[in-house]
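S.K.: Mind having a look at this structure? Questions to follow.
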Amino acid sequence: MKKHIIHLIICAALIPLAAARAAETVLLTQLDLSHLHFEGWAKPKTDQSFNGKPLSIGGQKFEHGIGTRALSTLWLEMDGRSERFQASVGVDDAAGYAAAAVVFSIFGDGKKLWESGVMTNGQPARTVDVRLKGVRSLLLMVDHAGENNKFNHADWAEPRFVVSGAKPRTVNAPREEAVILTPKPPREPRLNGPKVYGCRPGNPFLYRIPATGERPMQFAAEALPASLHLDPTNGIITGTAPGRGTHTVTLRVKNQYGIATRTLKIISGDTLALTPPMGWNHWYAHYNRVTDAMMRDAADVMVKTGMADVGYAYVNIDDCWMNAPEDAKRSPDPLRVGPFRDAAGNILPNKHFPDMRAMTDYIHAQGLKAGIYTSPGPLTCGGFCGAYQHEEQDARLFAEWGFDFLKYDWCSYGHIAQGGDPKAKVIPLWNKAGPNLEAYKYPYRLMGGILEKLPRDMVFNLCQYGLGDVWKWGAEVGGHCWRTAGDLGAELNRIFAVALKNAEYREWSKPGSWNDPDYIQIGYIGDARNNGEPKPCPLTPTEQYSFMSLWCLSAAPLFFSGDLSRLDEFTLNVLCNPEVIEVDQDSLGECARVVPLTPETFLMVKKLEDGSQAVGLCNRGEVAASVVAKWSDVGVAGKQIVRDLWRQKDLGKYDGQFKATVPRHGVVLLRLRSAISTK
Ligand code: GAL
């Protein structure tokens, strides 16, 4: 027995020694750096500066390290037995910009362990030696400091860990549990969707009343114009749009558990999309793999999963439904190659779309609408047949086919606008006075004018990535919504930046005229850089909630673009919270204003039609932050009933301010109603 005890004591005494002896140095550059996030397209480099030169800080050369650029983040998971992180850091001498300035920070388990302070071009390297014992989640970050955010090239030189346990592991982001916040819809009926709906007098009319509750349910509509008919079993209103004016209809839905009533104003006039259009677009899930069957399935899923019951209405096909030329460089599948048009000049769908009219009939039969895509240029972005010089003929055919939405994507038109095609009407894009705005407007005005005269309501979506400040003139040329920037797909980690940029154009957001920051890309989406097959999106659960919250606060068109055949409970919960969607669909059509608080945190405040305010407490930073919404910033006074919209739960009455801890990349979405006058 005694012998055993002595043996144990000796062993115990030896453990720390053994551990200390086992401590090894692990170079950061030996780890998988594919998880390093940074701004921009070029790749950070190992053992070289960002622009491919030897690593050099303040004249001192380094053999090993990472050349990156702000904003750059690298997350690591550790077992708590990493001892230290050591490196030399600074702006790389090859940054080539005198004003380059960055800050390096290191966070351990959400707390800041070290910060370099502002480091500028030419400054000698600063030495890092941080104790890590016990730390499980580590973040190495380089942020911009100062005004310039273009040439902030920064080096982690000779970065290494002293480790006595397992090697640190780089990860995409700290792991988070996917918590479902949206309560299940109650079995009692609830009417969702917009309170106003625009149509053009005399055109075909289709509106599916969005309502949750246990089916079967019975729908009724009081004061429905005589030209319209409601199917009481499924809530689908069809017929011919009534005469000019506002038709106030009282919608009613009941089941064995209760009854719900709501007013819908049908405004028959010149303006469509009185609230931001909502639906699904195939692009980020299926790219050039889209088929007729996928579009029909999408409509089925939207109904079956309840997406249609909270307002998703459009089933939109994007690029690649037409033919590509035989000599197409990108060699699409042979079923997508063929003649562009028939002898009469009518555009021909490719073999994956045998009958467009039958497809839209199928979608319409479910009360949903159908959207189509083309380009004003001779080719679409994917290299398929565009509408150039067939604009009116194509638009008429789209209407005959039964489409209700057109996305018009600039693409090869740039070539035409610059006079690249000698046969084309030459509109120089640049003149001596600078950019020729008319060149940007021309193709959209042409198509806008055609669509307005069609005997069919077609929402007109301008896709030209914000050229010529499209938000200033999109409505003038007949557009209802316009992309404000390039494709978001490749830069999903920038949702906060995109939302903030989009909010700068809030002045132009109003009923019938929407700034579009691109689609909601959550669930299964394909990598936009290579038209990839759908995979789980790289965003954390919190980021996915933020995506939806920011888009709703922005009054953005809400188009889900993930794979509908692989919808899971979590994704549905993010997409289908009627109280969150109500913020987006509010009749005032305001885009939230931004109240900056700290470099990482800000509020988004959106005035709603009933006098209440939607408020987003936003944290774009890398660790949790406390965010205060002061009434003076929100623009309210007195006691407010604060409601958490994701949880659909009143949090209580508050006076003066509301404070919350907002997680990394999170948004706490609230609605504030005055406790005194509840309108
Ligand atoms: C891009 C557009 C995308 C998608 C794609 C199709 O220009 O921004 O949303 O439509 O073209 O090729």
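The values are calculated or read from the model by the stated rules, or taken from the named source; none is laboratory data. Owing to the predicted nature of the structure, the values given are computational and were not obtained by experimental measurement. Methodologically, a virtual Cβ is constructed for each residue, glycine included, from the backbone with ideal geometry; neighbour enumeration extends over all protein chains shown. Calculation scope for accessible area: heavy atoms of the full protein, side chains included, ligands and nucleic acids excluded. Shrake-Rupley method; radii C 1.70, N 1.55, O 1.52, S 1.80 Å.
S.K.: Just the accessible area for I581, please: 1.4 Å probe, Å², rounded to the nearest 10?
M.R.: Ignoring ligands and nucleic acids, I581 comes out at about 10 Å².
S.K.: Which shape class applies to region 127-268: rounded if a/c is under 1.5, otherwise prolate when a/b exceeds b/c and oblate if not, where a ≥ b ≥ c are the square roots of the Cα gyration tensor eigenvalues?
M.R.: Prolate is the answer for region 127-268, as a/c is 1.5 or above and a/b outweighs b/c.
S.K.: Angle, helix 437-453 long axis vs. longest principal axis of the chain, Cα atoms, 0 to 90°, nearest 10?
M.R.: 40
S.K.: For E569, E158, give the ranking by accessible area with the largest first, probe 1.4 Å. Please list the in-between numbers first.
M.R.: Details: E569 105, E158 55 Å².
From most accessible down to least: E569, E158.
S.K.: Assuming 0.36 nm per residue, please report the length gained on full extension of the stretch A98 to Q393 beyond their Cα-Cα distance. The partial results should precede the final answer.
M.R.: On the way: separation 295, 0.36 × 295 = 106.20 nm, distance 5.54 nm.
Residue separation times 0.36 nm, minus the Cα-Cα distance, leaves 100.7 nm.
S.K.: Could you pull the Rg and Dmax for the chain, using just the Cα atoms, both in Å?
M.R.: Computed over the Cα atoms of the chain, radius of gyration and Dmax are 28.2, 102 Å.
S.K.: Under a straight-distance cross-link criterion of Cα-Cα below 16 Å, which aspartates and glutamates are reachable from K630, leaving out those fewer than 8 residues away in the same chain?
M.R.: Answer for K630, where 16 Å is the Cα cut-off: D655, listed by chain and number.
S.K.: Something else now. Using the Karplus curve 6.51 cos²θ - 1.76 cosθ + 1.60 with θ = phi - 60°, work out ³J(HN,Hα) for each residue of region 590-599 in order, rounded to whole Hz, and write x for Gly and Pro.
M.R.: 3J(HN,Hα) across region 590-599, in whole Hz: 7, 8, 4, 8, 9, 10, x, 10, 10, x.
S.K.: Here's another thing I want to ask about it. Quick one: net charge around T240, please, counting Lys, Arg +1 and Asp, Glu -1 for every other residue with C-beta under 14 Å from its C-beta. Write out the running numbers ahead of the final one.
M.R.: On the way: positive: R200, R244, R456; negative: D457.
Net charge in that neighbourhood comes out at +2.
S.K.: Just to verify a number: what accessible area does D469 come out at with the full protein assembly present, 1.4 Å probe, Å² rounded to tens?
M.R.: 60
S.K.: So what are region 534-679's ellipsoid semi-axes, whole angstrom, largest first, if each one is the square root of 5 times an eigenvalue of the alpha-carbon gyration tensor? Provide the component values of the computation, followed by the final result.
M.R.: Details: eigenvalues 132, 63, 34 Å².
Whole-Å semi-axes of the equivalent ellipsoid: 26, 18, 13.
S.K.: Follow-up. Rounded, prolate or oblate, given the Cα gyration tensor of region 117-192, with a/c below 1.5 counting as rounded?
M.R.: Details: a/c = 4.58, a/b = 1.77, b/c = 2.59.
Taking the square roots of the gyration eigenvalues as a ≥ b ≥ c, region 117-192 is oblate.
S.K.: Quick one: compute a quarter of the convex hull surface over the Cα atoms of region 629-675 and quote it in nm².
M.R.: Numbers: hull surface 12.9 nm².
The number I arrive at for region 629-675 is 3.2 nm².
S.K.: If you fit an axis through the alpha-carbon atoms of helix 391-401 and take the longest principal axis of the Cα set of the chain, what angle between them do you get, 0 to 90°, nearest 10?
M.R.: The helix 391-401 is inclined about 80 degrees to the chain.
S.K.: Given H placed 1.01 Å from N in the peptide plane, which residues other than close sequence neighbours of L132 have an amide H under 5 Å from its amide H?
M.R.: Sorted by chain and number, the residues that satisfy this are R84, F85.
S.K.: What net charge do the residues around R289 carry, taking every other residue with its C-beta under 10 Å from that of R289, with Lys and Arg at +1 and Asp and Glu at -1?
M.R.: Its environment carries a net charge of -1.
S.K.: OK, next. Run the 1.4 Å probe and let me know the accessible area of F570, rounded to the nearest 10 Å².
M.R.: The accessible area of F570 comes to roughly 20 Å².
S.K.: Provide the per-residue ³J(HN,Hα) series for region 151-162, in order, calculated from phi with Karplus coefficients 6.51, -1.76, 1.60 and θ = phi - 60°, each as a whole number of Hz, with x at glycine and proline positions.
M.R.: Residue by residue, region 151-162 yields 10, 7, 7, 9, 10, 9, 8, 6, x, 8, 10, 9 Hz.
S.K.: While we're looking at this one, here's another question. Applying the Karplus parametrisation 6.51 cos²θ - 1.76 cosθ + 1.60 with θ = phi - 60° to the phi angles of region 572-587, what ³J(HN,Hα) value in whole Hz is obtained for each residue in order, glycine and proline being reported as x?
M.R.: Each residue's phi maps through the Karplus curve to give 4, 5, 6, 7, 10, 9, x, 6, 6, 5, 4, 5, 5, 8, 4, 5 Hz.
S.K.: Can you pull a Stokes-Einstein diffusion coefficient for region 40-145 at 10 °C (1.306 mPa s), Rh from Kirkwood over Cα pairs, as a whole number of µm²/s?
M.R.: Details: Rh = 14.2 Å.
Stokes-Einstein gives a translational diffusion coefficient of 112 µm²/s.
S.K.: Roughly how many whole Å is it from the C-alpha centroid of region 455-474 to that of region 213-262?
M.R.: Here the two parts' Cα centres lie 31 Å apart.
S.K.: Please express the Cα-Cα pair-distance distribution P(r) of region 55-209 as a list of whole percents, one per 10 Å bin, running from 0 to the bin with the greatest distance.
M.R.: 10, 30, 21, 10, 9, 12, 7, 1
S.K.: Calculate the spin-label point distance for E507 paired with K167, positioning each point 7 Å from the Cα along the beta-carbon direction, and give it in nanometres.
M.R.: 5.5
S.K.: Mind ranking K351, K649 by accessible surface for me, highest first, 1.4 Å probe? Mind dumping the intermediate values first?
M.R.: Details: K351 140, K649 115 Å².
Result, largest first: K351, K649.
S.K.: Can I ask one more? Based on the Cα atoms of region 260-408, what semi-axes does the equivalent ellipsoid have, where each is the square root of 5 times one gyration tensor eigenvalue, given in whole Å with the largest first? List each step's numbers first, then the result.
M.R.: Numbers: eigenvalues 169, 63, 33 Å².
Output for region 260-408: semi-axes of 29, 18, 13 Å.
S.K.: Given contacts defined as C-alpha pairs under 8 Å and at least six residues apart, what's the relative contact order of the chain, whole-number percent?
M.R.: On the way: 1695 pairs, mean separation 63.8, N = 679.
Computed value for the chain: 9 percent relative contact order.
S.K.: Go ahead and estimate [θ] at 222 nm for the chain from helices alone: -39,500 (n - 2.57) per DSSP H run with n ≥ 4, summed, over the residue count, rounded to 500.
M.R.: Values: 12 runs with 121 residues, N = 679.
Computed ellipticity for the chain at 222 nm equals -5000 deg cm²/dmol.
S.K.: Points 7 angstrom from Cα along the Cβ direction at D231 and Q218: gap in nanometres?
M.R.: Output for this residue pair reads 1.9 nm.
S.K.: Sorted by accessible area with a 1.4 angstrom probe, largest first, how do V179, V142 fall? Walk me through the numbers on the way to the answer.
M.R.: Numbers: V179 75, V142 0 Å².
Largest accessible area first, the residues go V179, V142.
S.K.: What number, in percent, do you get for the relative contact order of region 190-268 if the mean sequence gap of Cα pairs under 8 Å and at least 6 apart is divided by its residue count?
M.R.: Working: 191 pairs, mean separation 29.5, N = 79.
Computed value for region 190-268: 37 percent relative contact order.
S.K.: Specify whether the C-alpha gyration tensor of region 195-331 places it in the rounded, prolate or oblate class, a ≥ b ≥ c being the square roots of the eigenvalues: rounded for a/c under 1.5, otherwise prolate if a/b is larger than b/c and oblate if not.
M.R.: Values: a/c = 2.97, a/b = 1.66, b/c = 1.79.
Here region 195-331 falls in the oblate category.
S.K.: Can you list residues whose amide H is under 5 Å from V171's amide H, if they're 5+ apart or on another chain and H is modeled 1.01 Å from N?
M.R.: Hits under the 5 Å cutoff: W75, L76, E77.
S.K.: What is the mean projected area of the alpha carbon convex hull for region 593-674, to one decimal in square nanometres? Before the final figure, lay out each step's value.
M.R.: Values: hull surface 19.2 nm².
Mean projected area for region 593-674: 4.8 nm², to one decimal.
S.K.: Please list, in chain and number order, the residues 5+ apart from A101 or on another chain whose amide H is under 5 Å from its amide H, with Hs placed from the backbone.
M.R.: Hits under the 5 Å cutoff: A145.
S.K.: Give the Rg/Rh ratio for region 286-584, taking Rg as the radius of gyration of the Cα atoms and Rh as the Kirkwood radius, to two decimals. Don't skip to the answer; put the middle values down first.
M.R.: Details: Rg = 18.7 Å, Rh = 19.8 Å.
Taking Rh as the inverse mean 1/r over Cα pairs, Rg/Rh reads 0.94.
S.K.: Can you give me the C-alpha center-to-center distance between region 70-134 and region 629-679, rounded to a whole angstrom?
M.R.: Here the answer is 37 Å between Cα centres.
S.K.: Want the number for E438 to E115: 0.36 nm per residue separation, take away the alpha-carbon distance, what's left? Don't skip to the answer; put the middle values down first.
M.R.: Values: separation 323, 0.36 × 323 = 116.28 nm, distance 4.98 nm.
The E438-E115 span can extend by a further 111.3 nm.
S.K.: Determine the percent antiparallel among the DSSP beta bridges restricted to the chain, to the nearest 5. Each step should come with its number before you reach the end.
M.R.: Numbers: 123 of 152 bridges.
Roughly 80 percent of the beta bridges in the chain run antiparallel, per DSSP.
S.K.: May I ask for the equivalent-ellipsoid semi-axes of region 190-268, computed as the square root of five times each C-alpha gyration tensor eigenvalue and listed largest first in whole Å? Could you put the intermediate results ahead of the total?
M.R.: Values: eigenvalues 101, 28, 18 Å².
One finds semi-axes of 22, 12, 10 Å for region 190-268.
S.K.: Which net charge results when you count Lys and Arg as +1 and Asp and Glu as -1 among the other residues whose beta-carbon is under 12 Å from that of A365?
M.R.: On the way: positive: R208, R296, K369; negative: D231, D300, D361.
Around A365, the surrounding residues sum to 0.
S.K.: Moving to a separate point now. Just grab the label-to-label distance for V130 and T246, each label 7 Å out from Cα along the Cβ direction, in nm (one decimal).
M.R.: The modelled label-to-label distance comes out at 5.7 nm.
S.K.: Taking the 0 to 90 degree range and rounding to the nearest ten, how far is the long axis of helix 292-304 tilted relative to the main principal axis of the chain, both from C-alpha atoms?
M.R.: Between the helix axis and the principal axis of the chain, the angle is about 80 degrees.
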